[in-house]
Amino acid sequence: ITGWKPLGGETVYLRSQSGVLGEIDRVRPEDMQPGAMMTVFPFRESDRGEKELLLAAERASDAPVMLIRLRPGTEVTKRPGQEDFNYGDYYAFSKICTHLGCPASQYDSQNHITLCPCHQSEFLITASAKPIFGPAARPLPQLPITVNEEGYFVARGGFIEPVGPGFWERRTRP
Ligand code: FES
């Protein structure tokens with residue numbers, strides 16, 4: 001496993017991008033309307049108030065995550081082994097394009113498609129973010145999420161596959 005990993009047993013919250021450094025904006029389900037996408041950053045409780053750590057997290061190329069709230073009743077196809085990675089209509093995917101690592105930043109909520117502006121790869125969120133157009137060959141990795149007793153989104157674990165471009169996969173091909 002490469003990319004972001006949670007550290008030993010600590011709660012990993014999702015923090016919104018809009019938060020001023022030094023202030024932690026932990027995200028709750030009611031912070032998002034149906035059909036919305038929010039860029040969030042996984043962070044540990046021990047990062048609170050640590051500006052340097054927050055800055056480092058924001059600079060880390062594998063840190064940004066797209067938190068998406070689908071509209072109720074949206075049909076979804078899940079990948080085997082990832083059936084419980086979502087929290088109701090909420091899904092979290094790495095924002096780092098699996099082609100060459102640009103941020104896949106545009107979200108079309110009508111068609112549930114995320115677009116990477118660098119080379120126009122498109123990922124279908126309702127089909128576990130599989131690529132449906134462009135050069136990307138792998139889906140955007142999904143982050144398993146839930147909501148804790150305080151009502152905030154937390155990660156239930158790390159990504160189970162590499163975040164971003166799979167250079168190592170290509171290198172090992174014969
Ligand atoms: Fe996203 Fe090339 S980096 S399509």
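The values are calculated or read from the model by the stated rules, or taken from the named source; none is laboratory data. Predicted model, so just to flag it, every value in this text is computed and none were measured. So basically every Cβ, Gly included, is an ideal-geometry build from the backbone, and we count neighbours across all protein chains shown.
Going by the conditions given, is R79 within 16 Å of the ligand (Cβ to nearest atom), of a type in the set (K, R) and assigned to a loop (DSSP other than H, G, I, E, B)?
Working: within 16 Å of the ligand (Cβ to nearest atom): no; of a type in the set (K, R): yes; assigned to a loop (DSSP other than H, G, I, E, B): yes.
Spelling it out, it is not the case that R79 is within 16 Å of the ligand (Cβ to nearest atom), of a type in the set (K, R) and assigned to a loop (DSSP other than H, G, I, E, B).
Just to verify a result, which residue in segment 87-102, among those that are farther than 21 Å from I132 by Cα and assigned to a loop (DSSP other than H, G, I, E, B), is nearest to the ligand (Cβ to nearest atom)?
Residue satisfying both the conditions and the ranking: D89.
Which ones in segment 1-52 are in a loop (DSSP other than H, G, I, E, B), buried (at least 16 other Cβ atoms within 10 Å of the Cβ) and modelled with pLDDT of 85 or more?
V27, M32
Any idea which of (1) within 16 Å of V12 (Cβ to Cβ); (2) free of Cβ contacts under 8 Å to residues at least 24 places away in the same chain is the one D108 doesn't satisfy?
Condition (1) is where D108 drops out.
So which residues in segment 118-132 are away from the ligand (no atom under 13 Å from the Cβ), on the phi < 0 side of the Ramachandran plot and not basic (K, R), if there are any at all?
Selection gives L124, I125, T126, A127.
Just need a number here: residues in segment 103-117 that are within 8 Å of the ligand (Cβ to nearest atom), under 21 Å from L70 (Cα atoms) and out of contact with any Cys (no Cβ under 6 Å at 6 or more places or on another chain). Spell out the reasoning first.
Narrowing segment 103-117 to residues within 8 Å of the ligand (Cβ to nearest atom): 104, 116-117.
Remaining after also requiring under 21 Å from L70 (Cα atoms): 104, 116.
The next check asks that each one be out of contact with any Cys (no Cβ under 6 Å at 6 or more places or on another chain); those that pass are none.
Selection size over segment 103-117: 0.
Say we look at segment 140-154 and pick out the residues that are buried (at least 21 other Cβ atoms within 10 Å of the Cβ) and within 24 Å of C116 (Cα to Cα); which of these is nearest to the ligand (Cβ to nearest atom)?
Going through the qualifying residues, I end up with L140.
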